[in-house]
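**Student:** Mind having a look at this structure? Questions to follow.
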Amino acid sequence: MTFCHVSMRYRDGLPLVLHDVNFTIHPHEKVAIVGRTGSGKSTLLLTFLRLVNICGGEIVISGKRHDSYSLPALRKMFALVPQDPVLFDGTVGSNLDPFQ
């Protein structure tokens, strides 16, 4: 995956929150995005998953623009580990099979 001159703002008229971001993640490479609060970790994730639109540059995955993938296909490509620990409600069984 390659970010090539990616810029993003949350809404027209607001300042850019990502400006000219460039990096490449090679196939089978595992990457952790870490940083202080407000450094842009969540914003990068939102752009990966197309929860927000970029306003400049492009994101390329396996040689294809990321906006050419369907949303379900795109979202299956990523594994996420949340930064906040979560305790489950209920039993182990009900968490493994919520339709039980």
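Each value in this text was obtained by applying a stated rule to the coordinates, not by laboratory testing. No experiment lies behind these values; they were computed from the predicted model shown. Counting neighbours? That spans all protein chains shown, and the Cβs are built from the backbone with ideal geometry, glycine included.
**Student:** Please go through segment 6-73 and write out the chymotrypsin sites (Phe, Trp or Tyr not before Pro) that DSSP classes as loop and that have at most 14 other C-beta atoms within 10 Å.
**Tutor:** Values: sites: Y10, F23, F48, Y69; in loops: Y10, Y69.
Filter output for segment 6-73: Y10.
**Student:** Quick one: pull the percentage of alpha-carbon pairs in segment 1-56 with a separation above 14 Å. Don't jump to the answer; show the numbers that get you there.
**Tutor:** Working: 876 of 1540 pairs.
The proportion of pairs with Cα distances above 14 Å equals 57 percent.
**Student:** Identify which of the listed values of semi-axes √(5λ) of the Cα gyration tensor in Å was calculated from the structure shown: (1) 34, 13, 9; (2) 21, 17, 14; (3) 29, 18, 14.
**Tutor:** Label (3) holds the value from this structure.
**Student:** Taking amide H positions as placed 1.01 Å from N in the peptide plane, with prolines and chain starts having none, which residues 5 or more places from L18, or on another chain, fall under 5 Å of its amide H?
**Tutor:** M8
**Student:** Same structure, new question: Per-residue ellipticity at 222 nm for the chain, helices alone: DSSP H runs ≥ 4 residues times -39500 (n - 2.57), over residue total, nearest 500 deg cm²/dmol?
**Tutor:** About -4000 deg cm²/dmol.
**Student:** Now, a different point. For segment 2-96, with the dipole built from +1 on Lys and Arg beta-carbon atoms and -1 on Asp and Glu ones, taken about the Cα centre, which of S68, H5, H28 lies farthest toward the positive end?
**Tutor:** S68
**Student:** Using the crude model of +1 on Lys and Arg Cβ and -1 on Asp and Glu Cβ, and no other charge, please compute the dipole size for segment 2-96 relative to its Cα centre, in debye to 20. Don't skip to the end; give the middle numbers.
**Tutor:** Values: 10 positive and 7 negative charges, 21 e Å.
Computed charge dipole of segment 2-96: roughly 100 debye.
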